[in-house]
Every structure is written in C-alpha cells, then in structure tokens.
1. Is it true that some residue in region 72-84 is assigned to a helix (DSSP H, G or I), modelled with pLDDT of 95 or more and either under 26 Å from THR213 (Cβ atoms) or not aromatic (Phe, Trp, Tyr) (or both)?
2. Name, by its number, the condition in (1) within 23 Å of the chain's Cα centre (by Cα); (2) open to solvent by less than 60 Å² (accessible area, probe 1.4 Å); (3) not aromatic (Phe, Trp, Tyr) that does not hold for ALA236.
3. Using beta carbons and a limit of 7 Å, which pairs, at least six apart or on different chains, have the first residue in region 45-63 and over 14 Å from ASP22 (Cα atoms) and hydroxyl-bearing (Ser, Thr, Tyr) and the second one open to solvent by 10 Å² or more (accessible area, probe 1.4 Å) and in a helix (DSSP H, G or I)?
4. Take the residues in region 60-71 that are out of contact with any helix residue (DSSP H, G or I) (no Cβ under 7 Å at 6 or more places or on another chain) and in a helix (DSSP H, G or I), then tell me which one is least open to solvent (accessible area, probe 1.4 Å).
5. Restricting attention to region 88-110, and to residues there that are in a helix (DSSP H, G or I) and open to solvent by less than 10 Å² (accessible area, probe 1.4 Å), which single residue is nearest to THR65 (Cα to Cα)?
6. With ALA257, ALA245, ALA298 as the choices, which residue is open to solvent by less than 20 Å² (accessible area, probe 1.4 Å), free of Cβ contacts under 8 Å to residues at least 60 places away in the same chain and not in a loop (DSSP other than H, G, I, E, B)?
7. If I filter region 16-25 for residues that are in contact with an Asp or Glu (Cβ under 6 Å, 6 or more places away or on another chain) and among the hydroxyl-bearing types (Ser, Thr, Tyr), do I get at least one hit?
8. Please determine whether any residue of region 209-216 is farther than 20 Å from GLN186 by Cβ, open to solvent by 30 Å² or more (accessible area, probe 1.4 Å) and either among the acidic types (Asp, Glu) or in a loop (DSSP other than H, G, I, E, B) (or both).
Amino acid sequence: MQEVIYGCMGLGGSWSDEPHGDDHVDQAAAAVQAALDAGITLFDHADIYRNGKSEAVFGEVLAATPGLRERIRLQTKCGIRLNERGLQTHYDLSREAILERVNGSLERLRTDYVDVLLLHRPDPLADPVEVAAAVGQLMAEGKVRQLGVSNMSAAQIDLLQDRLETPVVANQLEMSLLKRAWLESQVLVNHPEHLDYSFPHGTLEYCMRHNITLQAYGALARGAYTGAEPESPTPAGAATAGLVAELAETYGATGEAILLGWLMKHPAGIAPVIGTASSARIRACAGAGQAAQDLTRADWYKLWVTARGSNIP
C-alpha cells in the first residue's frame with residue numbers, strides 16, 4: 001500500500017545517555033498528532049534512535065493515549081549496535097541479538113508487538129538460518145507480524161528470503177530527489193556516468209517484482225529544496241528549489257507535498273518516510289498523494305533533470 005510513513009528518529013532529545021524529559025514526550029505527542037492529522041498511520045522506529053529514547057518517548061505517548069495503538073501501525077529496526085565492545089559501530093543479526101533487541105524495543109514502546117520488524121543493515125557475519133529462526137520465534141510469540149529489511153540489495157534479500165518462512169514486505173533505502181542513485185541506476189546502464197552511482201542495479205526491479213514496498217528515508221532531502229540553507233549551495237539546488245516552489249503554486253500544494261509526490265509517482269509504489277519533528281512540516285506533507293496524481297510526466301522529468309543539473313542520456 002502506497003503511503004507516507006512518519007520516521008521517529010528525531011524524537012527523544014539528544015543522542016547522549018542523558019534521560020529524556022517531559023518536553024521530549026510533549027514534542028513526540030505533538031508530532032504523532034500532526035502525523036495523524038496528515039493521514040499518516042505507520043510510525044517508523046529503530047532500537048538505536050536517540051539511544052533508545054525515540055522509542056521510549058513514543059511509548060509514553062502510547063501509554064497516555066487510550067486507543068492510539070489500535071489506530072496506528074508500528075515498525076522498528078534492529079541490527080546496528082553503537083558504542084559497544086570498543087567499536088563505534090558494528091552490526092549484529094545473530095539470533096540472540098535479534099531476540100534481545102526486539103524485546104527491548106517492545107518494552108520501550110510499551111506494546112506487545114510491532115507490525116513490521118526491519119533488519120537495519122546487512123551483517124556480513126549473519127547466518128540466514130539463524131536470522132530465520134529468530135524471526136520465526138518472534139512471529140510465533142506474536143511479537144512481530146511482518147518482516148522487512150533496510151539498506152539491502154536484491155541479492156541479499158533473495159538469499160535471506162530463501163531461508164525465511166515469511167515474505168519480506170519492505171526494503172527501506174535512502175531515496176529522494178537529492179539522493180537519486182536508485183533512479184540513475186535505471187537509465188545509466190551502458191553509460192560511463194554509471195560509475196558515479198553505487199546503487200546496486202536491479203534492486204528496484206526486484207522489489208517491484210516481488211511486491212516489496214520501497215520505503216524511502218530522507219524523502220524530503222533534509223529541506224534542501226524547501227527552505228533549508230544548503231551546506232554546499234549549487235546552481236542545480238537553487239534551480240530545483242525554485243521549480244518545486246513553482247509547481248507547488250501551480251497545483252495549490254506545499255513544496256513538501258511536491259517532493260513526496262515526485263517519489264510516489266514512480267510505478268514502484270514508493271512510500272516516503274518523513275523525519276521532521278516540526279508539526280507544521282508534518283502537516284505540510286498531507287497532500288503528497290494528490291501531488292503524485294497532479295504532477296505530469298513532463299513535471300516529473302523536469303524535476304529530475306533540474307536536480308541532476310544536466311540532461312539525461
């Protein structure tokens with residue numbers, strides 16, 4: 001199902017070990033309400049976001065709002081470990097780690113189950129048989145209803161799926177008008193420019209063929225085309241921001257809706273993930289589905305060509 005997803009990484013305060021406060025819970029409650037007002041019902045988490053505080057503040061909102069859990073769907077991720085065992089980052093999709101981290105997420109979220117569990121990053125040491133055993137146990141216990149992945153190629157998903165007894169339903173990747181490797185890979189086959197993009201060719205097509213929803217994180221390009229001051233301004237960026245504003249005025253939409261609609265117009269049925277904590281900006285995303293319908297093929301290509309700063313081959 002094509003929809004906009006609310007990404008909760010911005011909730012919960014800092015990435016430090018400092019506990020969250022009431023103001024962070026209030027911020028989360030406001031964000032949840034804004035998302036609901038915008039028609040969003042799927043909320044995206046990960047065990048590591050804000051060192052677990054993103055899940056914790058969301059859990060407090062759930063506990064304080066009777067009936068909310070029944071109105072929404074939750075997904076969380078596991079597989080990344082931060083600042084443990086002398087390493088800043090490492091991956092762990094061992095059976096024991098998956099079970100431990102999911103149980104920790106459920107405790108913080110104050111819920112008995114998540115609708116979707118995503119495996120956050122490929123772990124080169126992961127045994128697909130072990131992963132399948134952990135997922136099977138969690139599903140048998142009613143703690144996980146569906147399984148997805150994040151940042152995985154077609155080949156990695158295929159290997160995993162061969163061992164699983166449940167279908168992979170989602171693959172979360174960075175996809176936006178700014179981060180276009182997923183799109184460029186489709187048209188730069190047999191072209192020297194393909195070396196500029198590392199996206200694993202065929203992943204998009206694999207997901208489409210197997211009904212795996214592509215969830216696009218970073219979908220709003222971190223505000224690059226809707227008012228945020230870019231770190232490294234470029235003529236292409238300025239031109240794209242102007243075009244987004246022009247199209248927003250033409251269709252009576254917001255710039256955010258235009259950016260999300262551009263993604264959603266792709267036949268892969270991309271589901272954008274928005275990560276802003278601003279209630280106003282969350283509500284500005286409400287018209288994304290309509291924008292996807294309104295944008296013409298010429299509009300869509302014009303946005304792409306303007307953002308890349310050169311014509312396509």
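1. Scanning region 72-84, I find no residue that is assigned to a helix (DSSP H, G or I), modelled with pLDDT of 95 or more and either under 26 Å from THR213 (Cβ atoms) or not aromatic (Phe, Trp, Tyr) (or both), so the answer is no.
2. Result: ALA236 fails condition (1) only.
3. The qualifying pairs are TYR49/MET9.
4. If we take residues in region 60-71 being out of contact with any helix residue (DSSP H, G or I) (no Cβ under 7 Å at 6 or more places or on another chain) and in a helix (DSSP H, G or I), then ALA63 is least open to solvent (accessible area, probe 1.4 Å).
5. Top of the filtered list is LEU109.
6. On inspection, the qualifying residue turns out to be ALA257.
7. no
8. No, every residue in region 209-216 fails to be farther than 20 Å from GLN186 by Cβ, open to solvent by 30 Å² or more (accessible area, probe 1.4 Å) and either among the acidic types (Asp, Glu) or in a loop (DSSP other than H, G, I, E, B) (or both).
The values are calculated or read from the model by the stated rules, or taken from the named source; none is laboratory data. No experiment lies behind these values; they were computed from the predicted model shown. Glycine gets a Cβ as well: all are built from the backbone with ideal geometry, and neighbour counts include every protein chain shown. Quick note on the areas: whole protein, heavy atoms, side chains included, nothing else; ligands and nucleic acids left out. Shrake-Rupley method; radii C 1.70, N 1.55, O 1.52, S 1.80 Å.
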